[in-house]
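The values are calculated or read from the model by the stated rules, or taken from the named source; none is laboratory data. Note that the structure is predicted; figures quoted are calculated from it, not measured. Note: ideal-geometry Cβ built from the backbone for every residue, glycine included; neighbour counts use all protein chains shown. Only protein heavy atoms, including side chains, enter the accessible area calculation; ligands, DNA and RNA are left aside. Shrake-Rupley method; radii C 1.70, N 1.55, O 1.52, S 1.80 Å.
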Amino acid sequence: MSKPMFTFISAAMLVAPAAPIASQTAQIVAESGQPGLPYATVADRMLAAPAVVDATVRSASRLKPAETPGLAAGQARFYVVADVTALIRGAAGFPARVSYLVDVPLDSRGRVPRLRKQRVILFARPVAARPGEIQLVTPDAQQPWTPGLDTLVRRIAQELVAADAPPAITGVGNAFHVPGTLPGEGETQVFLTTPDARPVSISVLRRPGEQPRWAVALSEIVDEAAAPPPRDTLLWYRLACGLPPALPDRSLAALEPRDAEVAREDYRFVLAQLGPCGR
């Protein structure tokens, strides 16, 4: 494959690096084989990338300074040709060999890393009208392949195409609280908004002397046997990374002040149970 004219075309397609990329530390993978990127970051990349590729670098040519506009200090830009080992996510007919630009950090001595023969996972989009060329969706969208990262990427890919895949959360609708007959008893329900108007709601049930119980419903029917979503699943990600940090006042407009405060407390309880998004 001949090298395309990338000085003004392909270089412009590279996602410009922002501040020093914290997730570049993902290149240092734990001996346990776990991915260096957290679930939420990988899910972000998966959602942004029409193509997710397992590939092996065939060649990597460092570009000259005149060919690297916007290159951050301490990094080098490479023109890479890679052989596709597997298409984890993407349309049929994906090329068996791809080329792209990538910025990678220099080591502590200012030396360039060795990319040739490295197995990588790429989060990318095809370049229109340029067969075989791809564009990384983020500056760190080339990640060293590890068994853990490979497993996580494939699991998220399956979650995204599942028939019951949870939608993105765009905000909070109305919230309600119904007190029970005993002190400390009651139920809070918070309705969430989604891009396709699919019904999603969170319910919190309180009984005297017991820990609060909460669950999420992906339909208009709330299943009393439902449990909170396990961490590092797509439903957990949609909630932990999509919910606002507090209930907006407009969501509580129909409630009495005491009930509104309980609803706020229950919402904070759900956020604490979910934990941080972890991007």
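Structure notes:
- Residue match in the stretch 231-240 (condition: under 25 Å from the mean Cα position of the chain (by Cα) and among the β-branched types (Val, Ile, Thr)): yes
- Among the residues of the stretch 119-129, those identified as in contact with an Asp or Glu (Cβ under 9 Å, 6 or more places away or on another chain) and either without any contact (Cβ under 8 Å) to a residue 24 or more places away in the chain or open to solvent by 40 Å² or more (accessible area, probe 1.4 Å) (or both) are Arg119, Pro126.
- If you check Ala197, Ala217 for being farther than 18 Å from Phe176 by Cα and of a type in the set (Gly, Ala, Ser), only one passes: Ala197.
- Taken over the stretch 130-181, the residue count meeting the criterion of being out of contact with any Asp or Glu (no Cβ under 8 Å at 6 or more places or on another chain), among the β-branched types (Val, Ile, Thr) and closer than 30 Å to Asp266 by Cα is 5.
- Residue check for Ala19: modelled with pLDDT of 95 or more and of a type in the set (Gly, Ala, Ser): no
- Scope the stretch 65-102; condition under 20 Å from Leu115 (Cα atoms), in a loop (DSSP other than H, G, I, E, B) and either of a type in the set (S, T, N, Q) or open to solvent by 40 Å² or more (accessible area, probe 1.4 Å) (or both); matching residues: Thr68, Leu71, Ala73, Gly74, Ala96
- Restricted to the stretch 165-279, the set of strands (runs of 3 or more DSSP E) holding at least 3 residues that are open to solvent by 60 Å² or more (accessible area, probe 1.4 Å) and farther than 19 Å from Leu47 by Cβ comprises 171-179.
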